[in-house]
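Beneath this line is the structure, given in structure tokens, with notes to follow.
The values are calculated or read from the model by the stated rules, or taken from the named source; none is laboratory data. For clarity, every value in this text was computed on a predicted model and none was experimentally measured. Ideal geometry is used to build each Cβ from the backbone, glycine not excepted, and the neighbour counts take in all protein chains shown.
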Amino acid sequence: MYFSKSKYTDFCQCPMLMWLRQHKPGVGTANASAEARARIGSEVGDLAMGYFGDYVEVTSCRDGKLDIPGMIERTREEIAGNAPVICEASFCHEGLFCAVDLLCREAGGWSIYEVKSSTHDNALYLSDIAYQKYVLEQCGLRVTGTYLMYIDNTYIFDGTLDLRKLFRVIDVAEQVAEKLPEVAQNLTIAGKLLADADEPDIRVDAQCGKPHECEYWDYCTRHLPQPNVFDLYNLWFSKMLALYHKGIYTFEALTTEKSVQNVIRTMQIDHALHEQEPHFEPEKLREFLDTLTYPLYFLDFESVQPAVPKYVGTKPYAQIPFQYSLHILEHEGGELLHKEFLAEAGTDPLRPIAEALCRDIPKDVTVLAYNKGFECGRLRELAGYFPDLAEHLLNISENVRDLVVPFRNGWYYNKRMGGSFSIKSVLPAIFPDDPSLDYHNLEGIHNGGEAMNAFPAMEQMSPEELAETRKNLLKYCELDTYAMVKVWEALKAAAGYETA
Ligand code: SF4
């Protein structure tokens, strides 16, 4: 088995991560965002190959797997020839393998270009390049330059993709030179760790990013009771870690920890430790609900974030809304109406969705969203793209009210919320036994990440798959706004108002 540059960067991030990925890959939890990141990385990598013009790519597969010996051999041939740029140029020294994204021929040597789909640099990228430089030099290649290529998020797509503007290229020779001396020593330590069948003794810490970010979070915190300090509502991760390292991680221990107490967290701890009735503040709820005047429009968007902009006027990673669901209550006790929009696969959704919003939502009505920052942001962006619709779209945005407010203020809490006020937590907490409100019972699309992956995938689907995916997307988004209607009704009931 080869040691790869991803193993090296895993080691630099967290030796436990490297060890688990080799010895216990099955204990990690996959998620839709990781899948999306991998797809974006591959798309950006393919695009970057043409950055310098002509290139050769040495990637080859055998029996469905990378043919590493074949790639190494082909790289040797291209180096001996006159290829100006070799993509995925492959090298191996004593089991240390690396494939360079772009290896560029220069007077007197070669330059390494590492391509990243992110919009900023990162210390781990430098370690990655240092590893590549180390392997190439061990193989006898003269490395004269090291560069990082990442996405420039100020680039605005005008209809013709300009790779020179899409990518920002920075010379990282100095930073890589600082990292290079530690490569050999790190490799020795990493090799010993991997050879050991016993897990390294490494605890969760700053390297984890934040709770649940790493795929092994659940595994690495399996010794902790549930809930624990990492479940506290809206607390800095550094603060959670400080408490954890002091041994203060059970909710019992946290009851006397003044530094974490606030209205929500105190309630969260109390409800977790003691059987209590749900907490309502009817007066506050009434004050909030009285500001929501009929007709009520419950709105939710789904969006994609293409790393490489596809639609004129947009930037890399712009949030592109492609779908919305809208439940409407015209008056007290009125019939619940539903409208929806889902863009056609492979089309620019921006103008059609902006027009549909103006058609479906009149000016000056109360629009309800859950975490309104997202919906308002999309509405304002659409107004910026289409000045002729701006007045209407901005009017909608100005009238958006946020259904999360009562939860964030502690006016409605029950134990099952567990300190999370996302609609996906609040809904089952309020309606634990209603299968029609259970996202798990949906087919195909169960969360925003899956919706985000589905829309671009629709471009490649057969008519049958497309019809199925459209149906699933519509059902999913519809549940988001239906959930908001049910949450609003629950708030009304808690406030002492009559519900239908
Ligand atoms: S959860 Fe943290 S400690 Fe565990 S593997 Fe991931 S980064 Fe390392």
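Specify the residue that is farthest from the chain's Cα centre (by Cα); the eligible residues are those in the range 442-486 that are among the acidic types (Asp, Glu) and part of a helix (DSSP H, G or I). Show your work before the answer.
Kept after step one, since they are among the acidic types (Asp, Glu), are these residues of the range 442-486: 443, 450, 459, 464-465, 468, 478, 480.
From the residues that got through so far, the ones that are part of a helix (DSSP H, G or I) too are 450, 459, 464-465, 468, 478, 480.
Values: 450: 11, 459: 21, 464: 29, 465: 25, 468: 25, 478: 22, 480: 19 Å.
Restricting to residues being among the acidic types (Asp, Glu) and part of a helix (DSSP H, G or I), the top hit is 464.
Only one residue in 148, 124 is within 30 Å of residue 319 (Cβ to Cβ), assigned to a helix (DSSP H, G or I) and either at pLDDT 95 or above or within 16 Å of the ligand (Cβ to nearest atom) (or both), so which one is that?
Values: 148 fails: assigned to a helix (DSSP H, G or I).
Result: 124 is the single residue among 148, 124 that is within 30 Å of residue 319 (Cβ to Cβ), assigned to a helix (DSSP H, G or I) and either at pLDDT 95 or above or within 16 Å of the ligand (Cβ to nearest atom) (or both).
May I ask you to list the residues in the range 270-281 that are surrounded by 15 or more Cβ atoms within 10 Å (Cβ to Cβ) and touching a residue at least 24 places away in the same chain (Cβ under 8 Å)?
As a first pass, look at the range 270-281 and keep what is surrounded by 15 or more Cβ atoms within 10 Å (Cβ to Cβ): 270-273, 278-281.
Matches in the range 270-281: 271, 272, 278, 279, 280, 281.
Does any residue in the range 408-419 that is within 21 Å of residue 283 (Cβ to Cβ) come within less than 8 Å, Cβ to Cβ, of a residue that is surrounded by fewer than 18 Cβ atoms within 10 Å (Cβ to Cβ) and of a type in the set (S, T, N, Q) six or more places away or on a different chain, and which pairs are these?
Between residues of the range 408-419 that are within 21 Å of residue 283 (Cβ to Cβ) and residues that are surrounded by fewer than 18 Cβ atoms within 10 Å (Cβ to Cβ) and of a type in the set (S, T, N, Q), the close pairs are 417/425.
For (1) touching a residue at least 60 places away in the same chain (Cβ under 8 Å); (2) surrounded by fewer than 17 Cβ atoms within 10 Å (Cβ to Cβ); (3) away from the ligand (no atom under 16 Å from the Cβ); (4) in a loop (DSSP other than H, G, I, E, B), each residue gets a yes or a no:
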residue	(1), (2), (3), (4)
17	yes, no, no, no
35	yes, yes, yes, no
39	yes, yes, yes, no
59	no, yes, yes, yes
73	no, yes, yes, no
86	no, no, yes, no
92	yes, no, yes, no
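Any chance you could count how many residues in the range 54-98 are modelled with pLDDT under 95 and closer than 21 Å to residue 166 by Cα?
1
Please name all residue pairs, on different chains or six or more residues apart, with Cβ atoms under 6 Å, provided the first residue is in the range 163-175 and is among the charged types (D, E, K, R) and the second residue is surrounded by 15 or more Cβ atoms within 10 Å (Cβ to Cβ).
165/155; 168/150; 168/152; 171/147
Restricting the range 375-406 to residues that are of a type in the set (A, V, I, L, M, F, W, C) and touching a strand residue (DSSP E or B) at 6+ places or on another chain (Cβ under 7 Å), which is nearest to residue 492 (Cα to Cα)? Can you show your working first?
Here is the first cut: in the range 375-406, the ones of a type in the set (A, V, I, L, M, F, W, C) are 376, 379, 382-383, 386, 389-390, 393-394, 396, 400, 403-405.
Next, from what is left, pick out any that are touching a strand residue (DSSP E or B) at 6+ places or on another chain (Cβ under 7 Å): 376, 396, 400, 403.
Details: 376: 24, 396: 24, 400: 19, 403: 12 Å.
The qualifying residue nearest to residue 492 (Cα to Cα) is 403.
Of all the helices (runs of 4 or more DSSP H) wholly in the range 200-259, which have at least 2 residues that are modelled with pLDDT of 95 or more, surrounded by 15 or more Cβ atoms within 10 Å (Cβ to Cβ) and within 16 Å of the ligand (Cβ to nearest atom)? Steps first, please.
Working: elements: 217-220, 237-245, 251-254.
Of the helices (runs of 4 or more DSSP H) lying wholly inside the range 200-259, those with at least 2 residues that are modelled with pLDDT of 95 or more, surrounded by 15 or more Cβ atoms within 10 Å (Cβ to Cβ) and within 16 Å of the ligand (Cβ to nearest atom) span 217-220, 237-245.
Taking the range 284-324, which residues are without any contact (Cβ under 8 Å) to a residue 60 or more places away in the chain and surrounded by fewer than 16 Cβ atoms within 10 Å (Cβ to Cβ)? Write out each step before concluding.
Going through the range 284-324, the residues without any contact (Cβ under 8 Å) to a residue 60 or more places away in the chain turn out to be 287, 290, 320.
Selection gives 287, 290.
Quick check on residue 190: is it more than 15 Å from the ligand (Cβ to nearest atom), small (Gly, Ala, Ser) and either assigned by TED's automatic domain parsing to the domain that holds residue 96 or part of a strand (DSSP E or B) (or both)?
Numbers: more than 15 Å from the ligand (Cβ to nearest atom): no; small (Gly, Ala, Ser): yes; either assigned by TED's automatic domain parsing to the domain that holds residue 96 or part of a strand (DSSP E or B) (or both): yes.
Taking the combined requirement at face value, the residue does not satisfy it.
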